Amino acid sequence: MYEGPIQNLIDELGRLPGVGPKSAQRIAFHILQSDREDVARLADALREVTEKVRFCEICFNIAEEATCRVCRDPRRDQSLVCVVEESKDVQAIERTREFRGLYHVLGGAISPIDNVGPEDLHIAELLRRLSAPVITEVILATDPNLEGEATATYLSRILANTGITVSRLASGLPVGGDLEYADEVTLGRAFSGRRAVG
């Protein structure tokens, strides 16, 4: 244990996802040895992201305005909505250049072990969006892991009687993996080969 500010920094860094105690200590000492200008830029970037970045009022993707760039783009196909778990999944799909529709970010996945149920996600907002007659297909692009599959199954059941085509990304994505780590070719093929649910 260190004293004062350095231990406080290590503790705060250790709260970040994927950063264990040793990594937190390494990052803290790197910051301590960095130029003041570099540390000031990092502090400014952290402050700016908390002050300027918010969630889109329509799809819950990250945005700097009331709506995100995808929702504001009139060239997007308004009849397709791709449902993802997190904003990072939107970026992964956008890199493929295969999908030209809209998105809906759930804000996570159903996970009873983590006390995350359907009411904790943006599912009610999705159902409100789907009441628009222009939407003809919903693509479920949740992660191919246990939580993602449970979320996709739940959504396919509640959307079954809406008259909207519900599809799921095709195989090609590894079970237990995350969309953000899939390469563009694999994710692109999964998108091209999506299949109807039910």
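The values are calculated or read from the model by the stated rules, or taken from the named source; none is laboratory data. This is a predicted model, so every value here is computed, not measured. Ideal geometry is used to build each Cβ from the backbone, glycine not excepted, and the neighbour counts take in all protein chains shown.
Let's see how each residue does on (1) surrounded by 13 or more Cβ atoms within 10 Å (Cβ to Cβ); (2) closer than 30 Å to LEU106 by Cα; (3) among the hydroxyl-bearing types (Ser, Thr, Tyr); (4) within 24 Å of the chain's Cα centre (by Cα):
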| site | (1), (2), (3), (4) |
| --- | --- |
| GLU12 | no, yes, no, yes |
| LYS22 | no, no, no, no |
| ALA28 | yes, no, no, no |
| GLN33 | no, no, no, no |
| ALA45 | no, yes, no, yes |
| VAL49 | no, yes, no, yes |
| ASN61 | yes, yes, no, yes |
(Q) Condition first: in contact (Cβ under 8 Å) with a residue 60 or more places away in the chain and in contact with a Leu (Cβ under 8 Å, 6 or more places away or on another chain). Can you find one or more residues in the range 132-144 that meet it? (A) no
Q: Check off (1) under 22 Å from SER87 (Cβ atoms); (2) small (Gly, Ala, Ser); (3) part of a loop (DSSP other than H, G, I, E, B) for GLY163 and give me the number that stays unchecked.
A: (1)
(Q) What's the number of the only condition in (1) surrounded by fewer than 21 Cβ atoms within 10 Å (Cβ to Cβ); (2) at pLDDT 95 or above; (3) assigned by TED's automatic domain parsing to the domain that holds GLU180; (4) not aromatic (Phe, Trp, Tyr) that ASP114 fails to meet? (A) (2)
Q.
For the range 1-105, give me every one of the helices (runs of 4 or more DSSP H) that falls completely inside it and has 1 or more residues that are free of Cβ contacts under 8 Å to residues at least 40 places away in the same chain, within 30 Å of GLU137 (Cβ to Cβ) and in contact with a helix residue (DSSP H, G or I) (Cβ under 8 Å, 6 or more places away or on another chain).
A. 69-72, 87-96
